[in-house]
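Engineer: I am attaching a structure below and will ask some questions about it afterwards.
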Number of protein chains: 2
Amino acid sequence: MQNQNKQVLVPVGDGCEEIETVAIIDILRRANIDVTFASIKPVEDEKAPLIVGRSGISFICDTYLTETVLKQQFDLIALPGGLSNAQSLGTHQPLLDRLRQQQEEGKWIAAICASPQLVLDKNGFMINSTGTCHPAHVQDYKGQFSEDRVHVSNKFITSRSPGTAIEFALALVELLVDQHTAVQLAKSLLVKR
Amino acid sequence: MQNQNKQVLVPVGDGCEEIETVAIIDILRRANIDVTFASIKPVEDEKAPLIVGRSGISFICDTYLTETVLKQQFDLIALPGGLSNAQSLGTHQPLLDRLRQQQEEGKWIAAICASPQLVLDKNGFMINSTGTCHPAHVQDYKGQFSEDRVHVSNKFITSRSPGTAIEFALALVELLVDQHTAVQLAKSLLVKR
Ligand SMILES: [Cu+]
């Protein structure tokens, strides 16, 4: 039997914002979405894919972002923030190529915090779409900007900070699964409305 | 020069709720509080203290919860939730002894989600204090109960779920540092008020 679950890729580097990273993965998995949590650091054989977040929390990712992973189909690629993580994601050529492919295929791309500006806006993804980002990056944002906490424009979902991360993750559930699932999850998590 | 930072212990076992665990550590560290993230699993020499959360996210903790760690002074011990984590914390005798010492010294103890009931209430810590917990555990809660999202009673701070975790962590900052720091952090994180 084929796996009907939606497939999501969450690529991260050192300095990722931990609340944003975990809110995306935890909440999507609670909605029965398959999430691949992938380190963008160079593969070290025999070594687990370790990532250290901006507040010093260490994660072992599910995998490195190998060619095999990059060749998989994903319904959504979601980019957490954190300044140095966003800088790394925004200059990682294999990831940028994969995001370009995702855009050309008309599939979802999501980014929060520093990543909408440093990964998407800076690399020309947002030319025909509106986005939001962390207040510290608004001055550098070249494209059409929104003040929304979570903004959907064409196939881009963007958001602003750790304090908007749960709303962002629930919006991803609504887009990938349905509104009922997102509302039920928000209720069970006691999310403030 | 002596380190004037407040000291906080966050003990966890497998099955911890990832958003709760990370919100506490990330937000306290942003307030310049020293956080020790400790695995309660048996020490395995040469092996990093790996913990796997309820949604499958793997963490490398800062340390195991060794006797050396248990002998340190902490201004606060904060217990994340997640059902099997709370069950493990609530039956870990060295941790329960250390919590009893913390209570006798009149120092802060915090718990969220399943932990207020399965660690604190069930083990008799809440006899003279009021607490809250995850809705699923309210029926088993024997002590005085509050419906607050974050409740402070004597030296206990309790809260309810992943959706209240950021408010909970900000309340800990307010109690350990000051209100100004908590309000500034809430603003910079774009927390919904
Ligand atoms: Cu829970």
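Engineer: With the structure loaded, tell me whether A:Ser88 is at pLDDT 95 or above, of a type in the set (Ser, Thr, Tyr) and either open to solvent by 30 Å² or more (accessible area, probe 1.4 Å) or farther than 30 Å from B:Ile27 by Cα (or both) or whether it fails that test.
Structural biologist: On the way: at pLDDT 95 or above: yes; of a type in the set (Ser, Thr, Tyr): yes; either open to solvent by 30 Å² or more (accessible area, probe 1.4 Å) or farther than 30 Å from B:Ile27 by Cα (or both): yes.
For A:Ser88, the condition - at pLDDT 95 or above, of a type in the set (Ser, Thr, Tyr) and either open to solvent by 30 Å² or more (accessible area, probe 1.4 Å) or farther than 30 Å from B:Ile27 by Cα (or both) - is met.
Engineer: Answer yes or no as to whether B:Val22 is more than 11 Å from chain A (Cβ to nearest Cβ), open to solvent by less than 50 Å² (accessible area, probe 1.4 Å) and either more than 18 Å from A:Ser55 (Cα to Cα) or not in a loop (DSSP other than H, G, I, E, B) (or both). Reasoning before the result, please.
Structural biologist: Numbers: more than 11 Å from chain A (Cβ to nearest Cβ): no; open to solvent by less than 50 Å² (accessible area, probe 1.4 Å): yes; either more than 18 Å from A:Ser55 (Cα to Cα) or not in a loop (DSSP other than H, G, I, E, B) (or both): yes.
So B:Val22 does not fit the description; no.
Engineer: Give just the number: which of (1) more than 12 Å from the ligand (Cβ to nearest atom); (2) buried (at least 22 other Cβ atoms within 10 Å of the Cβ); (3) in a loop (DSSP other than H, G, I, E, B) does B:Asn123 not satisfy?
Structural biologist: (2)
Engineer: Check B:Gln4 against each of (1) under 30 Å from A:Val191 (Cβ atoms); (2) surrounded by fewer than 24 Cβ atoms within 10 Å (Cβ to Cβ); (3) away from chain A (no Cβ under 14 Å) and name the one condition it does not meet.
Structural biologist: (1)
Engineer: What are the residues in the stretch A:126-145 that are more than 14 Å from chain B (Cβ to nearest Cβ) and in a loop (DSSP other than H, G, I, E, B), if any? First the steps, then the outcome.
Structural biologist: Residues of the stretch A:126-145 that are more than 14 Å from chain B (Cβ to nearest Cβ), as a first pass: A:126-131, A:139-145.
Hits for the stretch A:126-145 are A:Met126, A:Ile127, A:Asn128, A:Ser129, A:Tyr141, A:Lys142, A:Gly143.
Engineer: Shifting gears a bit: Taking interchain pairs and intrachain pairs at least six residues apart, which have beta carbon atoms under 6 angstrom, with the first residue in the stretch A:99-117 and more than 16 Å from A:Val8 (Cβ to Cβ) and the second among the aromatic types (Phe, Trp, Tyr) and not in a strand (DSSP E or B)?
Structural biologist: A:Gln117/A:Tyr141
Engineer: Using the structure shown, decide if B:Glu44 is of a type in the set (D, E, K, R), crowded, with 20+ Cβ neighbours inside 10 Å and either assigned to a loop (DSSP other than H, G, I, E, B) or within 13 Å of another protein chain (Cβ to nearest Cβ) (or both). Quick ask: steps written out before the conclusion?
Structural biologist: Values: of a type in the set (D, E, K, R): yes; crowded, with 20+ Cβ neighbours inside 10 Å: no; either assigned to a loop (DSSP other than H, G, I, E, B) or within 13 Å of another protein chain (Cβ to nearest Cβ) (or both): yes.
So B:Glu44 fails the test.
Engineer: What tally of residues in the stretch B:58-94 results from selecting those that are in contact (Cβ under 8 Å) with a residue 60 or more places away in the chain and among the acidic types (Asp, Glu)?
Structural biologist: Here the count works out to 1.
Engineer: Of (1) within 13 Å of chain A (Cβ to nearest Cβ); (2) open to solvent by less than 70 Å² (accessible area, probe 1.4 Å); (3) within 15 Å of the ligand (Cβ to nearest atom); (4) farther than 18 Å from B:Asn5 by Cα, B:Arg54 satisfies all except one. Which?
Structural biologist: In the conditions (1) within 13 Å of chain A (Cβ to nearest Cβ); (2) open to solvent by less than 70 Å² (accessible area, probe 1.4 Å); (3) within 15 Å of the ligand (Cβ to nearest atom); (4) farther than 18 Å from B:Asn5 by Cα, B:Arg54 misses (2) alone.
Engineer: Another one. Checking the condition among the hydrophobic types (A, V, I, L, M, F, W, C), within 13 Å of the ligand (Cβ to nearest atom) and closer than 19 Å to A:Ile19 by Cβ, which residue from B:Ala114, B:Ala136, B:Ala165 passes?
Structural biologist: Just a single option satisfies the conditions, and that option is B:Ala165.
Engineer: Another question, if that's okay. Give B:Asp14, B:Asp97, B:Asp75, B:Asp62 a once-over and let me know the one that is within 16 Å of the ligand (Cβ to nearest atom) and open to solvent by 30 Å² or more (accessible area, probe 1.4 Å). Quick ask: steps written out before the conclusion?
Structural biologist: Numbers: B:Asp97 fails: within 16 Å of the ligand (Cβ to nearest atom); B:Asp75 fails: within 16 Å of the ligand (Cβ to nearest atom); B:Asp62 fails: within 16 Å of the ligand (Cβ to nearest atom).
Every option except B:Asp14 fails the conditions.
The values are calculated or read from the model by the stated rules, or taken from the named source; none is laboratory data. Since this is a predicted model, take the numbers as computed values, not measurements. Every residue, glycine as well, gets a Cβ built from its backbone with ideal geometry; the counts of neighbours run over all protein chains shown. Note: accessible area is taken over every heavy atom of the protein model, side chains too, but ligands, DNA and RNA are not part of it. Shrake-Rupley method; radii C 1.70, N 1.55, O 1.52, S 1.80 Å.
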